[in-house]
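J.: Can you read through this structure? Questions will come right after.
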Amino acid sequence: MLTNEQLHAIAALQKECQQADDLHLKLNWDMLRQRDDHSMDFFYEENGELIAYLALYGFGTSVEVCGMVKPSARRRQHFSTLWQTARQTIEEKGFSKILLNAPAPSTSAKAWLTAQSCTYDFSEFQLKWHQQPIEASNDVLLRKSRLEDTDFAVQLDMLAFNMSEADARLHQEEIQDGPNEQHFIIVAEGQDIGKIRVSNTDGEAYIYGFAILPEYQGKGYGGKTLCNIVKQEHEAGRSILLDVETKNMHALGLYEKIGFKIVQGQDYYLWHSV
């Protein structure tokens, strides 16, 4: 696990970078707080202060790369140095797909990426729910996921997120014991029709892995599921966030109808050489 001191230093650097650049850094705090592999975090410090930080997040055989550098210490190759070390870890762990993440408005990140062996792959919107009247629905039920639901969850990840079976199974293993997380199976018409995961961190509820079987899509169950989750988390005093790929206009329209609004875009770049 990362120490409290390390987590506080990461949070302080994140806050400084966000204020200086007027953007939001996606650092996957739900994963950082449950780290059991110290080799996935890379730090550069000066006089006891965290100056640069890079994190790896494994999703099956894919890995996402996020990082930041203190605004006053940029253009000194700190991030490039961390990246060289991180690449060795990526190779040792056998990740086959490497995605580098950058906030869409970040000029410093884009400048660094254009000099690397990578190309733009896709973008996501981060959405945040803005309060509006919302009603729960009895047409869908949310039951807590059990170990015997693993095969169903794997099937949904393969269908909804184009994951291989191996990656989907590995991903389920990685997330099943996360603290402060709720894993639900969506039930309608007396059948298991989908899944959704909610991670609670520092007063925020982040929605992940939301998927409905194709044969049950277009019947309103997705929207009713989201309404139930939003109502539950809002009444618990938490803000609600989620990510959606920018080209998924159907999902984006559904989220906006419920009250979600775009906060910022995140761009992903595919690395071509380890």
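The values are calculated or read from the model by the stated rules, or taken from the named source; none is laboratory data. Quantities reported herein were computed from a predicted structural model and do not represent experimental measurements. Neighbour counts are summed over all protein chains in view; Cβ atoms, including those assigned to glycine, are modelled from backbone coordinates with ideal geometry. Side chains are part of the model used for accessible areas, which takes the heavy atoms of the whole protein and leaves out ligands, DNA and RNA. Shrake-Rupley method; radii C 1.70, N 1.55, O 1.52, S 1.80 Å.
J.: Counting only residues that are in a strand (DSSP E or B) and out of contact with any helix residue (DSSP H, G or I) (no Cβ under 7 Å at 6 or more places or on another chain), which one in the stretch 211-241 is most open to solvent (accessible area, probe 1.4 Å)?
T.: Looking only at the stretch 211-241, we keep the residues that are in a strand (DSSP E or B), and these are 211-212, 239-241.
Among the residues that remain, those that are also out of contact with any helix residue (DSSP H, G or I) (no Cβ under 7 Å at 6 or more places or on another chain) are: 239, 241.
Details: Ser239: 33, Leu241: 11 Å².
Across the stretch 211-241, the extreme among qualifying residues is Ser239.
J.: Now, a different point. Return yes or no: is Leu159 open to solvent by 40 Å² or more (accessible area, probe 1.4 Å), in contact with a strand residue (DSSP E or B) (Cβ under 6 Å, 6 or more places away or on another chain) and not hydroxyl-bearing (Ser, Thr, Tyr)?
T.: Spelling it out, it is not the case that Leu159 is open to solvent by 40 Å² or more (accessible area, probe 1.4 Å), in contact with a strand residue (DSSP E or B) (Cβ under 6 Å, 6 or more places away or on another chain) and not hydroxyl-bearing (Ser, Thr, Tyr).
J.: Picking from Phe125, Phe161, which residue would you name as being of a type in the set (Phe, Trp, Tyr), under 30 Å from Lys224 (Cβ atoms) and modelled with pLDDT under 95?
T.: Phe161
J.: Please list, ordered by first then second residue, the pairs with beta carbon atoms under 7 Å, 6 or more apart or interchain, first in the stretch 184-203 and closer than 10 Å to Leu142 by Cβ, second open to solvent by 30 Å² or more (accessible area, probe 1.4 Å) and hydrophobic (A, V, I, L, M, F, W, C).
T.: Partner pairs satisfying both residue conditions: Phe184/Leu142; Ile186/Leu142; Val187/Leu141; Ile196/Phe210.
J.: Let me ask another. Does Gly194 qualify as being surrounded by 17 or more Cβ atoms within 10 Å (Cβ to Cβ), closer than 29 Å to Gln18 by Cβ, in contact with a strand residue (DSSP E or B) (Cβ under 6 Å, 6 or more places away or on another chain) and of a type outside the set (A, V, I, L, M)?
T.: Working: surrounded by 17 or more Cβ atoms within 10 Å (Cβ to Cβ): yes; closer than 29 Å to Gln18 by Cβ: no; in contact with a strand residue (DSSP E or B) (Cβ under 6 Å, 6 or more places away or on another chain): yes; of a type outside the set (A, V, I, L, M): yes.
In short, no.
J.: Being of a type outside the set (A, V, I, L, M) and touching a residue at least 12 places away in the same chain (Cβ under 8 Å) narrows it down to one of Asp41, Asp37, so name that one.
T.: Asp41
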